[in-house]
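Peer 1: Once you've had a glance at the structure underneath, I'll fire off some questions.
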Amino acid sequence: MKARTMVYLESEELHALRVEAAKEGISLAELMRRLVRHHIENRHPKSAPRTNAYLKIVALGSSGRKDISERHDHYLGEVLLREHSR
């Protein structure tokens with residue numbers, strides 16, 4: 001649900017935002033939402049996976065899968081993503 005809010009900007013800031021929104025072909029409100037979303041998503045940069053995350057997948061034993069040699073990158077990516085999102 002969207003909520004209404006009021007923001008006070010300097011006239012130069014407002015002008016610059018309106019120009020950018022017009023160039024993008026979007027409303028000022030949409031530009032503001034995108035800027036806020038971008039800020040929220042990037043305020044805590046993700047760190048690299050811990051080194052031991054890689055070691056946890058070595059010599060795990062039999063997986064029962066028959067396509068490991070063809071899809072090893074896929075399975076490695078799943079493990080790293082799972083370990084990284086903890």
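Derivation of every value follows stated rules applied to the coordinates shown; laboratory data play no part. In this text, all values refer to a predicted model and were calculated from it rather than measured experimentally. Cβ placement follows ideal geometry from the backbone for every residue including glycine, while neighbour counts extend to all protein chains displayed.
Peer 1: Just to confirm the number: angle between the C-alpha axis of helix 28-42 and the first principal axis of the chain, 0 to 90 degrees, nearest 10?
Peer 2: Approximately 30 degrees, to the nearest 10.
Peer 1: Going by alpha carbons, how many degrees (0 to 90, nearest 10) lie between the helix axis of 68-84 and the longest principal axis of the chain?
Peer 2: Tilt relative to the chain: about 50 degrees.
Peer 1: Okay, next question. Please sort 69-77, 13-21 by packing, taking for each peptide the average over its residues of neighbouring beta carbons within 10 angstrom, highest first. Intermediate values should be presented prior to the final figure.
Peer 2: On the way: 69-77: 10.6, 13-21: 12.8.
The peptides rank, most packed first, as 13-21, 69-77.
Peer 1: Once both labels are modelled 7 Å past Cα along the beta-carbon direction, what's the THR51-GLU13 spacing in nm?
Peer 2: Here the modelled spin labels are 4.4 nm apart.
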